[in-house]
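Read the figures in this text as sums done on the coordinates, not as results from a lab. Everything numeric here is computed off the predicted structure, so don't read it as measured data. Glycine gets a Cβ as well: all are built from the backbone with ideal geometry, and neighbour counts include every protein chain shown.
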Amino acid sequence: QELNTPLAFTEKWNVVKNTFQAVVVVNNDIENVTLVGAYVGKSNSSHSTATGAANLPGGGGQVVTYDGKFNSFHGGAYAAGAVAKIAGVNGQLWYYNIDDVIMADTGASAFWLEADTKVAGIFLGAQYAVTDVEGAGNESLKAYAVKASGDVAGVNLYAAYSKVDDDAAGGANLGFANTATGDKTKLYTGTASVYADGATVANEDTKAWKVGAKTKMAGISFGASYTDIDFGAQSTGRVNNDATAYDFFAAKKVGPLAVKGIFTNYSQDDSTGAKVTDNDLLRIIVSAKF
């Protein structure tokens, strides 16, 4: 089945979606409140079985295994959440407990708190999250993010900022990317980019801000965004580097087909300001449901 929780979710940006073997219980007895409990046993993403600090979420990964087989999801994971809408405020609180994230018998827990509302037609949102990996040298890691958006002349404009703090101990941390893939993130600064996503903005000791616009004309959806990323000294594999990403997409239904094009430019500088990465990528996806 597909899942949609802040730290374990199905990614739909690629041709093939990752899914899970899970048991989910939902209760709506409390008015305007949805309670969720879940156990995730397996996933068809290879990242969920990887061990080692470099393979923690934030390190990047595959959306779906090459053979599509389901394997153990980090040895098994539990999640409990509450989603509510009270007095015009949408809120959600999630708790996770994961069995294996770095090596056998090394687990982790995480909390995710999110709230948003609309004021005079302007969307305002805030996110706060904590991950805690067991073991010596591994400390709690915190993330904060805010977002504002609004419609102007049929165009949705938005701006977001996020900060993942620095674990001074230098131990391995869970990060805030999708625990199934290590790829995308639910942080507001995450993008549809192949590069500027959970493997970058959700990484330790990283600050990011993003601005963008979306609209629809003549049945075609358009979008563009710019993301600026500041990697600190503890950011795995990107010490003291800065990066920028431009993303553009267009999507349209053509008869039974869904056609989407994504163009990304991602550049990264080293600590001296010299450019070490400058990639252009064009991805075209044509899909049909049957």
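A few points about this structure:
- Taking other residues whose beta carbon is less than 12 angstrom from the beta carbon of VAL63, and scoring Lys, Arg as +1 and Asp, Glu as -1, yields 0.
- Amide H contacts for ASN18 (H built 1.01 Å from N in the peptide plane; partners 5 or more residues away or on another chain; cut-off under 5 Å): GLU11.
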